Amino acid sequence: MVELQMALNVRKNSSPGPDRIHYDMIRHLSKESLAALLAYFNRLWKDSHFPSEWKRAEVIPLLKPGKDPSLPSSYRPIALTSCLGKTFERLVNKRLVYFLEQH
């Protein structure tokens, strides 16, 4: 459970992806719900699966400071991805780094 808590506490404020799930929503789950989420993540890890919904991104243009909004070059794209997907990616990353450091 500590592993999941650490992954959730890395990002404080982040916009939700296409699923509209915020980090705060996940952080405020009950202990039982967090345990179920961790069990789900562990199952995904065991099955080497990454849900296709988490691979989707919503790309939105963000106006660069002080730039002319009428010019397309004045914008930079940002991709909003699933907070659940990013949390799972953090767990996988931590596990891989741990494995590599041990071997």
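No lab work stands behind these numbers, since they all come straight from the coordinates. Because the structure is a prediction, the values reported are computed rather than measured. All Cβ positions, glycine included, derive from the backbone under ideal geometry; neighbour counts span all protein chains shown.
What FRET efficiency comes out for TYR98 versus SER70 if R0 is 41 angstrom and r is the Cβ-Cβ distance? Round to the nearest 0.05. About 0.25, to the nearest 0.05.
Of the options (i) 30, 22, 11; (ii) 21, 15, 14; (iii) 31, 16, 13, only one is semi-axes √(5λ) of the Cα gyration tensor in Å as computed from these coordinates, and that is (iii).
Rounded to whole numbers, the Karplus 3J(HN,Hα) couplings from phi for the range 61-78 are x, 10, 5, 6, x, x, 9, 6, x, 7, 9, x, 6, 7, 10, 10, x, 10 Hz, using 6.51 cos²θ - 1.76 cosθ + 1.60 with θ = phi - 60°, and x at Gly and Pro.
Note on LYS46: lysines with a C-alpha under 16 Å away, same-chain residues under 8 apart excluded, are LYS94. Going 7 Å from the Cα of ILE78 along its beta-carbon direction, which residues of the range 1-24 have the amide nitrogen within less than 20 Å of the resulting point? The answer is 8-24.
Taking every DSSP helix (H) stretch of at least 4 residues in the chain, weighting each as -39,500 (n - 2.57) and dividing the sum by the residue count yields a mean residue ellipticity at 222 nm of -15000 deg cm²/dmol.
The peptide list 63-76, 38-51, 14-27, put in order of mean Cβ contacts within 10 Å with the highest first, becomes 14-27, 38-51, 63-76. For a straight C-alpha distance cut-off of 21 angstrom, the lysines reachable from LYS31 (same-chain residues fewer than eight places away being disregarded) are LYS12, LYS86.
Under the combined filter of DSSP loop state and at most 16 neighbouring Cβ atoms within 10 Å, the range 25-103 retains none of its GluC sites (Glu not before Pro).
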